[in-house]
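Below: the structure, in structure tokens.
The values are calculated or read from the model by the stated rules, or taken from the named source; none is laboratory data. Bear in mind the structure is a predicted one, so any value in this text is a computation, not a measurement. We place every Cβ from the backbone using ideal geometry, glycine too, and count neighbours over all the protein chains shown. These accessible areas exclude ligands, DNA and RNA; they are computed on the full protein's heavy atoms, side chains included. Shrake-Rupley method; radii C 1.70, N 1.55, O 1.52, S 1.80 Å.
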Amino acid sequence: MPENHASDIRIGVFICHCGSNIAGYLDMEALADFAETRPHVVFVQRNLYTCSESGINEIKKGIQEQDLNRVVVASCTPRTHEPLFRSSCAEAGLNPYLFEMVNIRDQCSWVHMQEKTDATEKARELIGMGIAKAALLQPQEIILSEVQTRALVIGGGIAGLTASLSLARRGYEVVVVEKDQALGGMLNHLYKLGPQMQAAKELAAETVQKVNAHPKITVFTRAHVTQVKGFIGKFEVTVETQSGAKKIDIGIIIVATGAQPLVPEGLYGYDGKRTVTQFQLETMLAKGLDAAVRHVVMIQCVGSRNDERPFCAKICCQTAVKNAILIRRQYPETKVSILYRDMQMYGVENEAMFRDSKAAGVRYINYDPADPPQVKADKVGVYHPLLGRKMELAADLVVLSTPLLAREDAHETSQLLRVPVNENGFFLEGHVKLKPLDFATDGIFLCGSARFPANIREAVAQGLGAAARASIPLSKGSVEVEPIISVLADEDACRGCGLCVALCPYGALEVRQTEKGRKVHVINVACKGCGICAATCYQHALSINSFTDRQIEAQIDAFLTVHP
Amino acid sequence: MLDVGRHPNIDLLAYSEVQHIEGQAGNFKVTVRKKARYVDEDKCTGCGLCSEKCPTTVVDAFNEGLGMRRAVYAYFAQGIPSTRTIDPDHCRQLNGKKCGICQKVCQAGAIDYTQQDRLIELQVGAVIAAVGYDVFDPAQIAEYRYREIENVVTAIEFERLLSASGPTSGHVYRPSDLNAKAEIQVLEKQAAKSGRMLARFEKKYGRTSADFFMQYQAAPTDDADQEKWARVYQEDLARKERLAALNDAVKDAATAKRLAFIQCVGSRDFRFYPFCSGYCCMHSIKEAIIANEHEPQTVSTIFGMDIRAVGKGFEEYKIRGGNKSGITYVRGRVAEIIEGPGRNPVVVYEDTRTRSVKQEAFDLVILATACAPTRGIAELAATLNVALDDYGFIKTVPSAPVDTSMRGIFVCGCAGAPMDVPESVAQASSAAERAAEIIFQSDPVKEKAVA
Ligand SMILES: Cc1cc2nc3c(=O)[nH]c(=O)nc-3n(C[C@H](O)[C@H](O)[C@H](O)COP(=O)(O)OP(=O)(O)OC[C@H]3O[C@@H](n4cnc5c(N)ncnc54)[C@H](O)[C@@H]3O)c2cc1C
Ligand SMILES: Cc1cc2nc3c(=O)[nH]c(=O)nc-3n(C[C@H](O)[C@H](O)[C@H](O)COP(=O)(O)OP(=O)(O)OC[C@H]3O[C@@H](n4cnc5c(N)ncnc54)[C@H](O)[C@@H]3O)c2cc1C
Ligand code: SF4
Ligand code: SF4
């Protein structure tokens, strides 16, 4: 691609009718006539469907026969069609970033169907602005960066181990960093797992054994990550292990640090003996319940769904029902009552367990949080809404269902990796619906209770899922990034203040010491071109390369001159 | 969807069904029936000219029967591929009548009335069943009178009413009003026609229809012309009466402002599905919030046994709905729905908190119907040789949540059990992972390449 001087710029404008979607509502001839009058425009064509094969061929023909070096298409939305038009330019030998798209359908014909004159006027303005920007576009090259095919999994619970095994089976090296002395996470503390009542230790042992036996997996227990530098494909991670600090090159990172149960200090007379948590009950059941315990009362939503912690921790209802069934089956003499707000037994398996518990004689009483149960010496008082009166339940053992909370150190992990947590301290995924296992930052993924309390089924599924997401860059061996990114356009202007570094949501900026002093450096691969940095920099040192100040000013100028 | 359509590694065989499968994990041979669209996928540009010109209108299944489409159609506007399809049950040309309009207007020459179903053979390493769910038909619950009371709709119908691209452009008009308006349109057309006819008679005989009719009634003749005049006049009177009544009924037709959501319709019910469908509590809350966003006067009552707002941020969303979007949550199962004055459905329920039976009238009642196993799941399971659970979902165990009973065949989403979108998306990745493990193992070259 030869350097273009202003006089060499040859712009082709293709105006699309989109059948009658656009042509039915705008004056197409007027638009084409207008485009012809704009500077640098040497070729204007109208197409019935620019995206059809014949439309695409017209663009290619234009580039080749008219020697176009900038292409503007005025048509529909870039969300759906920009990639197609870009690649068509590339196929005709034009750098795909010398292409500009103008949306005269969604923004003109569709929203102003009844106002042909005004809609046409708006389309003229937009086309004029697109042409003005196109004249200033510069060629860009797709950014390619290698990916180290080694994964780091932080947290050795069932979610992290499942992800590790998957990646290892696919042939990638995996490093597991677990801060505890043993792998297995929460499973090591549980008795039996609902709904199948499989022994938790069995599942843990089976999984840990597979992990330990796998030649591709390296495990560090009683270890933690102390530093993370770099970006997708090229993370430089420091792990503090039992045998000292190790620096490891890593391609992708999976966060599987789980969650921890709330200790309900000060709630319902919690003492860890007669009033315990479900978490403690698991251990008691594993050892065998004291024969004197004849009346168990469980209270749900202890420390959750309140002003301090408004969230529902999702799995405590399942845990209570499971433990109630286990007690009823193993100690048929012992009565179990569950005082609840809503029994969150969503889905097929949970609801089945809920039904089983009722068949096993577990008693359910709904309580109103405005009038919570009262735990007394050997009784629990509660208002029974169906009977319409207060009643007292005998209680030798009170079990409090407390929520799983974000790990105490989740915040540190979040800062280390520069990934966000939500208002409850759980890690925040890239998109709640469409990217549940990805962080917004490329190359970092999450699964299990670190994301939000999950049962085993969900934690395992998410472990597999995170591995699948992570394996995409690993299997390609490289990442390709759109080159519409931030550039340090004016190095001298940069004062290295770091304001932009703090604001970048993707960790794509860092301040480096250079010969000219402290200067910001853009990590191309990590940058998403969101423009926050360029908008923030009071020195105008940073700029997004296809949205430069000059380009935008030219668009504004064009807008002002288009008006007759 | 668009990404799937564009991805070089994905072959999308829409409007197709798996017919047969043999082989084992790593090496399956799958026979797929690609149904005839009567439109050439390679040629069709998705312009939609054919649908614009097609003379045949058909009730639109995508809009839950609340709107109309043509016999050559796109299932919905943003569908991928955008290729149109001819509905062979309704197309005039395919039913031996004279038409062929779409073929004439199609500039791409894509219409092919002779297209046949095709069988395609695929060689694949693994299979993922993601066949989803179907909506439970609430007409089975007699006491909710779903088909009898016009203003009782399912949640999925309500979603179409709420949708900006739906039949009412997002305004929640009541079906009774919509139906009345549709009938008015038809009647007005007929009235215009009979008006012209009566005018012709009046001119011919030089007297008014009323005059004529009075006399005719007193002394009927068997003159064919007069007989017809009398009949048309009588019909016209009846039609006008009906029109007046309908116009009166829709005179103050406004959007529905008092909504009732009934939870667990077909779910947690031993007569139908004992399981909990998982997502319906949340979508009712979402719909009530959206309805309130569209029209801030809208208030909703959600009737449920438990409100299962279980998921990240869900409980907070539920509380926000109550505080900011006029939602009242009532604990209890609805016993019955009856029709009250003004076509208003009346909900009869027991409020378990006050232990009393209450009645309340609403503008519109929305049924949160159960997530039923998808139609044809039994046949598919037999074809794939995978086991189903007691209800007809594809069976899995918690420690291997996407593995079916057949090695190399995986499941994700509502095909395995009811779940919401985030959970389905997460599971889709899980299933892709398990499939990849099989594919790369069975291919030594690739196995080396990734190692
Ligand atoms: C009382 C109770 C009963 C339960 N009963 C059931 C049941 O019956 N059925 C069921 O399906 N589910 C049950 N669950 C849920 C189940 O325990 C979880 O689904 C599962 O353990 C989540 O796995 P995970 O890998 O996400 O997290 P975890 O098991 O919590 O594992 C996380 C791991 O990461 C480590 N870690 C944390 N932070 C760091 C760090 N910074 N660096 C390194 N390592 C770190 C932790 O030490 C831990 O080993 C129960 C949970 C509780 C609390
Ligand atoms: C009224 C309503 C509102 C909802 N709102 C929300 C919401 O706001 N948020 C949310 O998270 N969830 C919501 N949900 C739940 C959501 O719809 C499901 O979680 C999601 O659609 C499940 O996706 P899926 O891919 O498993 O199944 P589906 O969406 O059912 O997709 C399955 C696909 O497989 C096809 N198929 C079926 N059988 C075959 C076969 N034999 N061969 C080939 N193809 C086949 C079907 O045609 C269909 O296209 C809502 C559900 C309802 C009913
Ligand atoms: S899962 Fe049950 S106990 Fe836990 S917070 Fe939610 S409602 Fe309360
Ligand atoms: S999600 Fe709610 S409405 Fe749906 S079945 Fe479960 S409890 Fe009933």
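Just a few scattered comments:
- Checked against a 19 Å cut-off, the cross-linked pairs A:Lys116/B:Lys181; A:Lys229/A:Lys433; A:Lys435/A:Lys528; A:Lys234/A:Lys433; B:Lys204/B:Lys228 give Cα-Cα distances beyond that limit for A:Lys116/B:Lys181; A:Lys229/A:Lys433; A:Lys234/A:Lys433.
- Trypsin sites (Lys or Arg not before Pro) restricted to the range B:257-342 and DSSP loop, no more than 11 other C-beta within 10 Å: B:Arg271
- Against the criterion of solvent-accessible heavy-atom surface with a 1.4 angstrom probe, A:Glu265, A:Glu100, A:Glu510 sort, most first, into A:Glu265, A:Glu510, A:Glu100.
- Relative contact order computed over the range A:263-402 (Cα-Cα under 8 Å; 6+ residues apart), in percent: 35
- Shown here are the Rg and Dmax of the Cα trace of the range B:379-450, at 13.5, 43 Å.
- Distance between the C-alpha centres of the range A:460-489 and the range B:267-322: 35 Å, rounded to the whole angstrom.
- In the context of the full set of protein chains, the range A:333-449 has a per residue accessible area of 41 Å² (1.4 Å probe).
- Converting the Cα gyration tensor eigenvalues of the range A:26-105 into ellipsoid dimensions via √(5λ) gives semi-axes, longest first, of 18, 16, 12 Å.
- Environment charge at B:Arg258 (Cβ cut-off 12 Å; Lys +1, Arg +1, Asp -1, Glu -1): -1
- C-alpha center-to-center spacing [the range A:192-232, the range B:329-344] in angstrom: 52
- The residues packed around A:Ile253, meaning those with a beta-carbon under 13 Å from its beta-carbon, carry a net charge of +1 if Lys and Arg are +1 and Asp and Glu are -1.
- Portion, in percent, of the accessible area of the range A:486-545 that falls on carbon or sulfur, probe 1.4 Å: 50
- Accessible area, probe 1.4 Å, largest first, for residues A:Tyr25, A:Tyr364, B:Tyr349: A:Tyr25, A:Tyr364, B:Tyr349
- Rounded is the label for the range A:263-402, because a/c, from the alpha-carbon gyration tensor with a ≥ b ≥ c as root eigenvalues, stays below 1.5.
- Those residues of the range A:450-478 for which accessible area with every protein chain present is at least 50 Å² below the isolated value (1.4 Å probe): A:Phe452, A:Arg457, A:Ala461, A:Leu464
- Helix B:224-250 vs. chain B, principal-axis angle (Cα, 0 to 90°, nearest 10): 60
- Sparse packing (at most 15 other Cβ atoms within 10 Å of the Cβ) combined with a DSSP loop state is found for the following GluC sites (Glu not before Pro) in the range A:310-375: A:Glu333.
- Whether the protein assembly as shown is rounded, prolate or oblate, judged on the alpha carbon gyration tensor where a/c under 1.5 counts as rounded: oblate
- Solvent exposure of the range B:56-185 as accessible area per residue, Å², 1.4 Å probe: 51
- Relative contact order of the range A:486-545, pairs being alpha-carbon contacts under 8 Å that are 6 or more residues apart, as %: 46
- Global geometry of the range B:315-369, whether rounded, prolate or oblate, following the gyration tensor of its Cα atoms and the 1.5 cut on a/c: oblate
- Rounded to the nearest 10 degrees, the angle from helix B:280-294 to the longest Cα principal axis of chain B is 50 degrees.
- Its relative contact order, with pairs defined as Cα atoms under 8 Å and 6+ residues apart, puts the range A:159-258 at 27 percent.
- Protein heavy-atom surface of the range A:6-140, 1.4 angstrom probe: 46% of the accessible area is carbon and sulfur, with nucleic acids and ligands not counted.
- Lys/Arg +1, Asp/Glu -1 at C-beta; the protein assembly as shown dipole; positive extreme among A:Gly272, B:Gly392, A:Thr241: A:Gly272
- Neighbours of A:Arg469, meaning other residues whose beta-carbon lies under 14 angstrom from its beta-carbon, give a summed charge of +1 when Lys and Arg score +1 and Asp and Glu score -1.
- Candidates per GluC sites (Glu not before Pro) in the range B:138-187, loop by DSSP, up to 14 other Cβ within 10 Å: B:Glu148
- The mean accessible area for residues of the range A:6-140, using a 1.4 Å probe and ignoring ligands and nucleic acids, is 41 Å² per residue.
- Computed over the alpha-carbon pairs of the range A:222-334, the distance histogram in 10 Å steps reads 11, 30, 19, 20, 16, 5, 0 percent, short to long.
- The protein assembly as shown: antiparallel DSSP beta bridges as a percent of all, rounded to 5: 55
- Accessible carbon and sulfur surface of the range A:263-402 relative to its total accessible area, %, 1.4 Å: 52
- Shielding of A:429-440 by partner chains, average beta-carbon count, 10 Å: 3
- When the accessible areas of B alone and A alone are added and the area of the pair subtracted, with a 1.4 Å probe, the result is around 4900 Å², both sides summed.
- Proximal lysines relative to A:Lys210, as straight alpha-carbon distance under 24 Å, when same-chain residues fewer than 8 apart are discounted: A:Lys179, A:Lys192, A:Lys201, B:Lys446, B:Lys448
- With DNA, RNA and ligands ignored, accessible area of A:Trp110 (1.4 Å probe; Å², nearest 10): 110
- Normalised per residue, the volume of the convex hull around the Cα set of chain A (Å³): 214
- Dipole magnitude of the protein assembly as shown, debye to nearest 20 (Cβ charges: Lys/Arg +1, Asp/Glu -1, about Cα centre): 1640
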